[in-house]
Amino acid sequence: MIDDNQARALAARWLQWAHSMPSESSPISDPDGGHAAVNQPDDVWFLAGTSGGSADRRAAVPVDRPLFFPLFNMWGRVEAADVVCPEATGEAQLNGEKLPTWTVHNTEQIKIPVVAGKRFPRVKVRMWGLWSYHPGLAAGGHLLEFQGAVRPGGFWVAVRYNLIAG
């Protein structure tokens, strides 16, 4: 398992990863999982939610590589007030078993890289979110489902990953 400091560090790295590629290969807007392997680090495998709504994706992942992903997250410029959403809820299940979740609040500055074709220039941001972690999958097929929502407001995310660990 990981502790709160490790979760904060992974969430900051996830944000940099998620915004490190052009919009057309973004894991967040990926409709089917075809971009899941883009720019993955060597020590963890990041998965993405959506910018709202659902997605059904397939992805190949390395055996025994830890998985880390947001159930719900939000971020904003450092100059803005603290980014926090206490009304958010979320959960994750792997093969029908509930996974642990963390509330992660990064109050320190996170630099987002400059990427051609992105609508956001490089900025320093703060982030808040509900996150989940799994220490690594055994070889074979796995079903990962996660969802997050904020009420009131109606924003929601629901993602289903058919993962093949090999």
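The values are calculated or read from the model by the stated rules, or taken from the named source; none is laboratory data. This is a predicted model, so every value here is computed, not measured. Note that we place each Cβ from the backbone using ideal geometry, even for glycine, and neighbour counts take in every protein chain shown. Surface accessibility is based on the protein's heavy atoms, side chains included, excluding ligands, DNA and RNA. Shrake-Rupley method; radii C 1.70, N 1.55, O 1.52, S 1.80 Å.
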**Prompt:** Restricting the first residue to the stretch 32-61 and requiring it to be within 17 Å of residue 9 (Cβ to Cβ) and in a strand (DSSP E or B), which pairs with a second residue that is open to solvent by 30 Å² or more (accessible area, probe 1.4 Å) and at pLDDT 95 or above meet a Cβ separation below 6 Å and a spacing of at least six or different chains?
**Reply:** 45/65
**Request:** Scan the stretch 18-58 for residues that are touching a Leu at 6+ places or on another chain (Cβ under 9 Å) and closer than 23 Å to residue 104 by Cβ and jot them down.
**Result:** 27, 36, 44, 45, 46, 47, 49, 57
**Asked** Within the stretch 62-115, which residues are open to solvent by 10 Å² or more (accessible area, probe 1.4 Å), at pLDDT below 75 and either assigned to a strand (DSSP E or B) or among the acidic types (Asp, Glu) (or both)?
**Response** 75, 76, 77, 79, 82, 107, 108, 109, 111
**Message:** So, in the stretch 149-164, exactly how many residues are over 15 Å from residue 68 (Cα atoms) and either in contact with a helix residue (DSSP H, G or I) (Cβ under 9 Å, 6 or more places away or on another chain) or in contact (Cβ under 8 Å) with a residue 60 or more places away in the chain (or both)?
**Reply:** 11
**the stretch 19-54: number of residues that are crowded, with 19+ Cβ neighbours inside 10 Å and closer than 18 Å to residue 128 by Cβ** = 4
**Item:** Flag if residue 57 is modelled with pLDDT of 90 or more and either open to solvent by less than 30 Å² (accessible area, probe 1.4 Å) or closer than 20 Å to residue 128 by Cβ (or both)
**Value:** yes
**Message:** When you check residue 9 against the structure, is it of a type outside the set (Asp, Glu), at pLDDT 90 or above, open to solvent by 30 Å² or more (accessible area, probe 1.4 Å) and assigned to a helix (DSSP H, G or I), yes or no?
**Reply:** yes
**Message:** Could you list, ordered by first residue, the pairs with Cβ atoms under 7 Å in which the first is in the stretch 132-144 and farther than 16 Å from residue 3 by Cβ and the second is surrounded by fewer than 19 Cβ atoms within 10 Å (Cβ to Cβ) and acidic (Asp, Glu), at least 6 apart or interchain?
**Reply:** 136/64
**Asked** Counting just the residues of the stretch 148-158 that are assigned to a strand (DSSP E or B) and open to solvent by less than 60 Å² (accessible area, probe 1.4 Å), which one comes out farthest from residue 96 (Cα to Cα)?
**Response** 150
**The listed residue being under 22 Å from residue 30 (Cα atoms), at pLDDT 75 or above and open to solvent by 20 Å² or more (accessible area, probe 1.4 Å), out of 133, 161** = 133
